[in-house]
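Everything below concerns the one structure shown next.
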Amino acid sequence: MGRSGPMSRIQRKTVSALIAIMIFVVLTPNLVPIVQQAWQTYVLPPTFVYDQKVSIPQSSGLVEGDMEGYQGLQKYELPGLSQIYRLVDSVQSPQSAVLSIRLERDSVTVGDNVTFVVVITFAKPEDRQQLGLCVFLSDPRGIVRGAFPDGKIPGQSVGSPMYSASYPYLSYIMTMQEGRLAFTFRIPQDSLSVGDWTIFVLGTDYSPNFPIGPFIAWNAVTFKVTEPPRVEQTIGPTLELVRSLGIFFAAYGFVNKYFESLAAGAKTLRENWALLLGLLLIVSYVALAFLFQR
């Protein structure tokens, strides 16, 4: 049987590139999350779609109303979040309608928009009806910063059990059930906005140009608001890319340059299996010790 001849130049470069890739993967432990993020950002198609978008007005964080007192009819202002929880507690269980909140992103930066859709489903076909929606956004301090439809928070008023308002007419029965209506709110650009925000959505019986009726459904979801990336955070990924490319080309150049010597050394290790096994055990010990001491 004749011996195979030496590797061609193309074969040597191919093997060198494969070895360099292996070294690159080993020395770049955060390669997987980088690839996953790039794949989700640039390769996967967007899954968040809608046809219409409604802007949520800013809120004072207070519920306003009229109160009959010793001195006649007076205006009052109370913290709005407590009133929202009262409205939530007024919803009877089980709910005939289910409100699902789908966020475009689970995390946004200060000054950016948070966008989400609300989908309405009914437990029974006979329960289908038109619903009006109240949407509230509460910041990390528990202060209501946004409210839909008019920036106010429902409260008690004289002559009406709920807050009276004329809602802009939207075909909720269709756009909401199919998830084609989105809501958007601009996060205030201040340091107090950093943290976990909460979106409250409440559904109520709806009749155009009439006061809203009792609330029959609700749901809530949280999302994170972070500070804008600093200069060093922006430079970090670029430096990581430069380091990773440096590892690859350095490994490729070294392996390609000393290919014959490395091949001879690999042959020696194959013939001396005990030495190879010992080296593998030593490397495994060092790797496990480093992993479990972190």
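The values are calculated or read from the model by the stated rules, or taken from the named source; none is laboratory data. Note that this is a predicted model, so its numbers are computed, not measured. For neighbour counting, all protein chains shown are included, and Cβ atoms are generated from backbone atoms with ideal geometry for every residue, glycine included.
Odds and ends about this structure:
- Verdict on Leu181 being out of contact with any His (no Cβ under 6 Å at 6 or more places or on another chain), more than 17 Å from Ile56 (Cα to Cα), modelled with pLDDT of 75 or more and not basic (Lys, Arg): no
Residues checked against (1) over 17 Å from the mean Cα position of the chain (by Cα); (2) surrounded by fewer than 21 Cβ atoms within 10 Å (Cβ to Cβ); (3) farther than 18 Å from Gln189 by Cα:
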site	(1), (2), (3)
Val98	yes, yes, yes
Glu104	no, yes, yes
Gly111	no, yes, no
Thr115	no, yes, no
Leu131	yes, no, yes
Leu137	no, no, no
Gly146	yes, no, no
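So that you can scan it fast, the table gives a plain yes or no per residue for (1) crowded, with 16+ Cβ neighbours inside 10 Å; (2) out of contact with any Pro (no Cβ under 7 Å at 6 or more places or on another chain); (3) at pLDDT 80 or above:
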site: Phe185; (1), (2), (3): yes, yes, yes
site: Ser193; (1), (2), (3): yes, yes, yes
site: Gly213; (1), (2), (3): no, yes, no
site: Thr222; (1), (2), (3): no, yes, yes
site: Pro228; (1), (2), (3): no, yes, yes
site: Gly236; (1), (2), (3): no, yes, no
site: Leu241; (1), (2), (3): no, yes, no
site: Leu245; (1), (2), (3): no, yes, no
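- In the set (1) crowded, with 17+ Cβ neighbours inside 10 Å; (2) assigned to a helix (DSSP H, G or I), Ser82 fails one condition alone, (1).
- Residues (farther than 21 Å from Glu64 by Cα, at pLDDT 65 or above and not in a loop (DSSP other than H, G, I, E, B)) located in the range 122-172: Phe122, Pro125, Glu126, Asp127, Leu131
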